[in-house]
Amino acid sequence: MDADGGTKVAQPSKRAAILNAGRAEFHERGYNATGIAGITTRADGAHKGSFYNHFPSKEDLAIEVITDYGKSQRMEMLHDVSVEPLARIQAHFEFMAEELRKEGLHLGCLLGNFAAEMSSETPRMRATVIGKLTAWSSLLAAALDEAANIHSAEGHDSETTAWLMIDAYEGAALRGRATDSPAPMNSFLTVGLPQMLRAFAEHYTS
């Protein structure tokens with residue numbers, strides 16, 4: 001409680017404020033166009049020295065933003081055994097698309113945006129993005145394998161199918177960002193993804 005007997009409201013740490021400001025700036029402007037000054041100004045006027053007290057560089061901040069973004073995408077949905085494997089994949093992408101809509105279609109997928117800006121000058125950030133995409137693909141492939149194993153199917157290509165799903169989702173997010181339209185993602189969810197899931201199911205039931 002404070003001196004007046006009231007309850008104190010916890011204030012976000014300066015580090016958290018910088019992290020949140022960085023995520024917003026990266027999402028709105030892109031990694032290359034974002035500067036430390038813009039981040040600190042957005043973080044309730046934090047000074048530049050405060051930034052470097054918490055993050056050695058802009059790339060270090062970006063790596064943490066990417067990691068936090070991955071955690072927010074509820075990847076655990078993909079190994080929820082209470083839901084049929086192919087149904088959980090559909091639900092997972094529907095959740096991702098809804099989060100994208102809430103944040104603003106014109107902003108696109110933050111992970112995809114970072115992937116588009118990778119260069120030899122940011123090797124650790126590149127490794128982080130690749131790691132997140134690979135982990136995502138592995139979870140999708142595991143759910144596809146589970147679906148095939150239920151039917152004792154052989155010869156299915158879960159890894160390629162998983163990457164095709166990610167490529168299609170990110171492509172829809174990119175075109176949705178360019179056009180600020182839900183149409184590309186709606187097409188992915190109602191046509192592209194169901195066709196991929198149906199083709200996979202038909203393979204192991206044939």
Is there a residue in segment 70-88 that is under 10 Å from the mean Cα position of the chain (by Cα), within 26 Å of residue 125 (Cα to Cα), in a helix (DSSP H, G or I) and in contact (Cβ under 8 Å) with a residue 40 or more places away in the chain?
yes
Tally of residues being open to solvent by less than 50 Å² (accessible area, probe 1.4 Å), not in a helix (DSSP H, G or I) and not polar (S, T, N, Q) across segment 134-183
2
Could you run through segment 96-127 and say how many residues are closer than 26 Å to residue 158 by Cα, outside any loop (DSSP other than H, G, I, E, B) and open to solvent by less than 30 Å² (accessible area, probe 1.4 Å)?
8
Those residues of segment 37-63 which are of a type in the set (A, V, I, L, M), over 24 Å from the mean Cα position of the chain (by Cα) and buried (at least 18 other Cβ atoms within 10 Å of the Cβ), in sequence order:
46
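The values are calculated or read from the model by the stated rules, or taken from the named source; none is laboratory data. Just so you know, these numbers come straight off a predicted model, no measurement behind them. Please note: Cβ atoms are built from the backbone with ideal geometry, for glycine as well, and neighbour counts cover all protein chains shown. Heads up: the accessible areas ignore ligands, DNA and RNA and are worked out on the full protein's heavy atoms, side chains in. Shrake-Rupley method; radii C 1.70, N 1.55, O 1.52, S 1.80 Å.
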